[in-house]
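Take a look at the structure below.
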Amino acid sequence: MAPSRREGLRVLGAGLPWIVPVAAALWALLDSGTPGHDVGLYTAYLLAAVVLPGTLVFRALLGSRGNLPEDLGLGTATGLVVMLGGWALGAAFGLQAYLIAWPVLVVLPFVAVPRLWRHWRRGPGEPLPAGWSWAMSAVTLMLVLWATMMFQIPLPPTTVEYYPDLYYHLALVHEMTRSMPFQVPQLAGYTLKYHYLSDADIATASMVTGIAPTTVLLRLWVLPVATSGAVVFAALARTVSGRWWAGPVAAAVGFVGEALTLGATWGGFSDAAPVSVFSPSQTFAEPLIGLFALIAVDRLRGGALRWGWAFLPFLAVACAGAKASVLPPLAAGLGLTGLVALVRRRPPWAVAGLLGVALLGMAFGVKAFAGGGASVLEPQALAVVRWLPPYIQTLGSGDGVTAGGLIPYGVRSTTAMGRLFVAGLVVWAVLMHAPRLLGLVLPPRRREPRDPALPLIAGTLLAGLLATWLLFHPSASQLYFYTGVIPFGGVLTAWSLAGRVRGRRVPIVGGAAGVLCALFLPEVGEPVVPTVQAWAWSLAVPVLRAGALVLAGALILVLGWRRRGLRAIPVALLAATVGASVTTAVAGNADRVLRPPAGVVREEYAVSTSEMRAAFWLDDTAGRDDVVATNVHCVRNAIKVCNSRAFWVAGLGGRRTLVESWAYTDQAVAANGTGGLKYFFQPAPDPAVFDLNQRVFTKAAPADVARLRDGYHVRWLFADARAGTVSPKLAAVARLRYRSGPVTVYELSRESG
């Protein structure tokens with residue numbers, strides 16, 4: 001058979017496993033109301049503008065991996081960075097209309113320069129076996145199942161309660177279509193300081209394709225980015241372990257698996273995950289930080305980066321602008337790697353270069369992106385327990401909304417028995433996350449005793465974990481340090497398993513045992529009366545049960561294999577946690593897809609269809625840089641104090657608002673705890689402007705309207721009767737342009753007022 005024909009059959013065979021997840025994704029999108037035209041258009045954009053140029057650039061700068069799947073996955077991550085470069089140039093010089101030409105400019109040299117033609121083909125290396133493709137397609141199918149559950153969020157316009165952050169990100173997506181410098185879309189005139197590059201990527205896709213930002217954010221964007229992250233970390237696991245199957249295992253644990261429940265029914269942070277529809281920044285950061293780690297491992301093991309050194313600073317900046325919490329743990333891992341090298345009396349020149357690039361990215365991120373929540377991180381050991389029900393309902397009732405010291409008040413003020421309860425709670429939380437953390441206790445057996453990849457990956461995981469347990473944030477955002485390194489935990493677990501497996505029997509039996517435990521362990525509910533003693537017993541039951549199962553399994557192995565049984569215990573334990581983690585996630589997602597929660601819409605609290613239609617009319621009619629004034633400021637809920645996270649006018653209306661909601665501004669977050677209130681209950685940053693804004697809607701005085709128009713360049717008034725009193729006199733001082741249910745939209749012309 002001719003070599004070209006063999007290569008074609010190999011490519012066809014490698015592509016066959018992906019038919020099922022692709023078909024499942026297509027069905028999930030269409031079934032959730034996504035227009036088929038948008039699905040096809042976005043797919044074409046993704047392949048032509050991200051995957052193709054990114055793969056060519058990756059191969060040119062860093063070399064091919066020797067197989068197409070990893071080249072495409074790593075190329076997609078590279079393409080995200082390359083496309084951000086085009087967006088940044090467009091936003092800096094007002095050339096967003098020409099963004100569609102950017103991928104063409106990137107690909108053009110690979111067509112015109114003969115020396116670059118070779119990058120259209122994969123380079124030399126060991127091709128991946130078919131088993132890798134089948135296993136990774138199964139992981140992707142599980143991601144599709146997760147996304148299908150997320151797609152139950154309906155597309156607007158509809159009467160629904162969205163999570164407020166979705167509106168916030170939609171507003172940022174619209175802001176990213178404008179030119180630099182960017183402003184806070186809910187507070188026009190305020191400089192935007194936020195890790196907004198995920199929103200920039202969504203905005204780029206929307207600008208190039210013409211697809212509505214809501215459709216890109218809520219449907220089309222998240223699954224390809226999450227899948228790219230899974231493939232990147234699978235490549236990292238294969239690289240460090242030398243075994244192909246470690247890649248799918250790492251991807252499954254890192255991107256699909258969940259924390260163990262051990263039969264417990266309460267929440268806490270057991271649902272912490274590296275990808276989320278509600279946090280595009282977290283999802284976007286994973287393929288980027290995984291690519292950085294893979295490049296670092298190759299360099300630390302003696303590989304030459306060549307032109308990769310020129311690309312790495314841009315990648316570091318992209319990581320910092322995607323999520324501020326992902327680079328610091330990796331920098332800590334690099335620092336640990338350098339320290340280990342110094343102890344072994346080896347000059348850490350490669351580590352120094354990589355660490356310097358990471359620190360450069362962090363420094364740029366602090367200057368260009370960091371704001372709001374980053375400024376209120378405080379040192380406080382065990383602060384994360386303040387978000388666990390067993391602590392909240394017992395010792396934590398008096399902790400308040402601020403840090404209040406280096407240790408939570410409830411821990412400081414309790415008895416010795418109470419502190420023992422907190423210690424047990426910490427142990428319980430760590431055990432729940434055993435699938436991601438077990439590699440720290442059972443480190444991989446390395447072929448090279450001085451392999452620098454181990455301190456890098458283990459140090460990154462440990463740094464993210466410690467930051468979560470040693471820092472305080474009023475909304476528990478310190479958890480992002482951990483969620484960002486969960487895929488590193490998946491890599492470490494898979495690597496540890498790969499280094500110990502000597503046959504199939506033990507890992508298969510161990511994995512099956514984990515699956516059975518996840519499916520059939522009896523549930524332990526919350527105590528009826530939430531006392532320390534009752535919660536201690538509820539925590540102890542699943543832990544003791546799991547401990548008994550582990551001891552029983554270890555005894556069976558020792559009696560059955562004697563000395564070999566002792567060596568098999570770690571393998572069985574690792575395999576069991578992997579099986580239980582993945583089964584817990586798949587079973588939970590499948591149950592939520594097959595039996596979705598009852599669609600009860602609290603219309604008195606939800607944004608209505610007519611309100612959304614009014615916002616969409618504004619988006620279609622207003623100029624891109626027009627400023628809107630609105631009387632919508634507060635989330636509709638039963639709390640009398642204004643919860644300033646009603647971001648929907650700027651999010652759906654797509655225009656900057658003079659004063660909409662201000663919860664995530666630097667001023668509001670810095671005021672956290674004032675008056676005993678959390679930051680999103682604090683008053684508007686500029687009371688004078690807020691009062692003027694409110695007077696216009698309630699009094700409609702011509703002088704106030706003129707000041708709003710001439711002094712603050714407001715062009716539109718978005719008046720919602722559900723948000724507060726709207727004066728009928730507005731029609732006399734502004735031109736009525738649109739009415740939909742409780743919303744009336746007015747235009748301010750020069751003659752207004």
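Check off (1) closer than 30 Å to GLY302 by Cβ; (2) in contact with a Phe, Trp or Tyr (Cβ under 7 Å, 6 or more places away or on another chain); (3) at pLDDT 95 or above for ALA467 and give me the number that stays unchecked.
(1) is the only condition that ALA467 fails.
When the residues of the stretch 519-538 are filtered to those that are of a type in the set (A, V, I, L, M) and modelled with pLDDT of 85 or more, which remaining residue is nearest to ASN589 (Cα to Cα)?
Within the stretch 519-538, the subset of a type in the set (A, V, I, L, M) is 519, 521, 524, 528-529, 532, 534, 536.
Now narrow it down to the ones that are modelled with pLDDT of 85 or more: 519, 529, 532, 534, 536.
Values: LEU519: 13, VAL529: 30, VAL532: 32, ALA534: 30, ALA536: 29 Å.
Out of the qualifying residues, it is LEU519.
Open to solvent by 20 Å² or more (accessible area, probe 1.4 Å), touching a residue at least 12 places away in the same chain (Cβ under 8 Å) and not polar (S, T, N, Q): which single residue out of ASP686, ASP691 fits that description? Spell out the reasoning first.
Working: ASP691 fails: touching a residue at least 12 places away in the same chain (Cβ under 8 Å).
Matching residue, one of ASP686, ASP691: ASP686.
Would you confirm whether or not the stretch 123-131 contains a residue that is over 19 Å from TRP221 (Cβ atoms), touching a strand residue (DSSP E or B) at 6+ places or on another chain (Cβ under 9 Å) and open to solvent by 20 Å² or more (accessible area, probe 1.4 Å)?
There is no residue in the stretch 123-131 that is over 19 Å from TRP221 (Cβ atoms), touching a strand residue (DSSP E or B) at 6+ places or on another chain (Cβ under 9 Å) and open to solvent by 20 Å² or more (accessible area, probe 1.4 Å).
Take the conditions out of contact with any helix residue (DSSP H, G or I) (no Cβ under 7 Å at 6 or more places or on another chain), among the hydrophobic types (A, V, I, L, M, F, W, C), under 25 Å from ALA235 (Cα atoms) and open to solvent by 60 Å² or more (accessible area, probe 1.4 Å) and apply them to ILE556. Does it pass?
On the way: out of contact with any helix residue (DSSP H, G or I) (no Cβ under 7 Å at 6 or more places or on another chain): yes; among the hydrophobic types (A, V, I, L, M, F, W, C): yes; under 25 Å from ALA235 (Cα atoms): no; open to solvent by 60 Å² or more (accessible area, probe 1.4 Å): yes.
No.
Is there a residue being in a helix (DSSP H, G or I), more than 30 Å from LEU327 (Cβ to Cβ) and touching a residue at least 60 places away in the same chain (Cβ under 8 Å) anywhere in the stretch 477-500?
Within the stretch 477-500, the first condition is being in a helix (DSSP H, G or I), and the residues that meet it are 479-483, 486-500.
This time we only want the ones that are more than 30 Å from LEU327 (Cβ to Cβ), so: 500.
Subset that is touching a residue at least 60 places away in the same chain (Cβ under 8 Å): 500.
Within the stretch 477-500 (the criterion being in a helix (DSSP H, G or I), more than 30 Å from LEU327 (Cβ to Cβ) and touching a residue at least 60 places away in the same chain (Cβ under 8 Å)), the answer is yes, since at least one residue qualifies.
If you check SER241 against the conditions, is it open to solvent by 10 Å² or more (accessible area, probe 1.4 Å) and more than 21 Å from the chain's Cα centre (by Cα)? Working first, answer last.
Numbers: open to solvent by 10 Å² or more (accessible area, probe 1.4 Å): yes; more than 21 Å from the chain's Cα centre (by Cα): yes.
Taking the combined requirement at face value, the residue satisfies it.
Only residues in the stretch 30-47 that are more than 17 Å from PRO154 (Cβ to Cβ) and at pLDDT 95 or above count as the first member; pair them with residues that are of a type outside the set (Ser, Thr, Tyr) and not in a helix (DSSP H, G or I), Cβ under 7 angstrom, at least 6 apart or cross-chain, and list the lot.
Pairs that qualify, where the first residue is more than 17 Å from PRO154 (Cβ to Cβ) and at pLDDT 95 or above and the partner is of a type outside the set (Ser, Thr, Tyr) and not in a helix (DSSP H, G or I), are LEU41/ILE211; TYR42/ILE211.
Which is in contact with a Gly (Cβ under 6 Å, 6 or more places away or on another chain) and either outside any helix (DSSP H, G or I) or at positive phi (or both), of LEU187, LEU128, LEU99, LEU155?
Working: LEU187 fails: in contact with a Gly (Cβ under 6 Å, 6 or more places away or on another chain); LEU128 fails: in contact with a Gly (Cβ under 6 Å, 6 or more places away or on another chain); LEU99 fails: either outside any helix (DSSP H, G or I) or at positive phi (or both).
Answer to the check: LEU155.
I'm trying to understand the selection: among the residues of the stretch 61-96, which are within 18 Å of SER228 (Cβ to Cβ), part of a helix (DSSP H, G or I) and more than 24 Å from the chain's Cα centre (by Cα)?
Correct list: LEU61, LEU62, LEU68.
Could you run through the stretch 295-310 and say how many residues are modelled with pLDDT of 95 or more and farther than 17 Å from GLY338 by Cα?
Here the count works out to 0.
Enumerate the pairs (first residue in the stretch 727-740 and open to solvent by 100 Å² or more (accessible area, probe 1.4 Å); second residue anywhere and modelled with pLDDT of 95 or more) with beta-carbon separation below 6 Å, excluding pairs fewer than 6 apart on the same chain, so at least 6 apart or on different chains.
ARG735/GLU747
Could you check how many residues of the stretch 478-512 are surrounded by fewer than 19 Cβ atoms within 10 Å (Cβ to Cβ), touching a helix residue (DSSP H, G or I) at 6+ places or on another chain (Cβ under 8 Å) and small (Gly, Ala, Ser)?
1
Just to confirm my filter: which helices (runs of 4 or more DSSP H) fall fully inside the stretch 659-744 and include at least 2 residues that are charged (D, E, K, R)?
687-698, 702-712
Give the number of residues within the stretch 56-80 that are surrounded by fewer than 21 Cβ atoms within 10 Å (Cβ to Cβ) and aromatic (Phe, Trp, Tyr).
The qualifying residues number 0.
Can you tell me which residue in the stretch 706-716 is most open to solvent (accessible area, probe 1.4 Å), limited to those that are within 16 Å of ASP626 (Cβ to Cβ) and not small (Gly, Ala, Ser)? Don't jump to the end; show me each part of the working.
Initial filter on the stretch 706-716 (within 16 Å of ASP626 (Cβ to Cβ)): 708-716.
Okay, now just the ones that are also not small (Gly, Ala, Ser), so 708-710, 712-716.
Working: LEU708: 0, ARG709: 38, ASP710: 94, TYR712: 72, HIS713: 130, VAL714: 4, ARG715: 95, TRP716: 6 Å².
Going through the qualifying residues, I end up with HIS713.
Test each condition in (1) in contact with a helix residue (DSSP H, G or I) (Cβ under 6 Å, 6 or more places away or on another chain); (2) at pLDDT 95 or above; (3) closer than 24 Å to ARG59 by Cβ for ALA88 and report the one that comes out false.
The one condition ALA88 does not meet is (1).
Taking the condition of a type in the set (A, V, I, L, M, F, W, C), part of a helix (DSSP H, G or I) and surrounded by 23 or more Cβ atoms within 10 Å (Cβ to Cβ), does ALA234 pass?
Yes.
Looking at the stretch 160-193 only, could you name the residues that are within 20 Å of LEU218 (Cβ to Cβ), open to solvent by 40 Å² or more (accessible area, probe 1.4 Å) and among the hydroxyl-bearing types (Ser, Thr, Tyr)?
TYR163
Return the total of residues in the stretch 202-214 being assigned to a helix (DSSP H, G or I) and either open to solvent by 10 Å² or more (accessible area, probe 1.4 Å) or among the hydrophobic types (A, V, I, L, M, F, W, C) (or both).
Within the stretch 202-214, residues that are assigned to a helix (DSSP H, G or I) and either open to solvent by 10 Å² or more (accessible area, probe 1.4 Å) or among the hydrophobic types (A, V, I, L, M, F, W, C) (or both) number 9.
The values are calculated or read from the model by the stated rules, or taken from the named source; none is laboratory data. From a predicted model like this one, the values you see are computed outputs, not experimental measurements. Methodologically, a virtual Cβ is constructed for each residue, glycine included, from the backbone with ideal geometry; neighbour enumeration extends over all protein chains shown. For accessibility, only protein heavy atoms count, side chains too; no ligands or nucleic acids. Shrake-Rupley method; radii C 1.70, N 1.55, O 1.52, S 1.80 Å.
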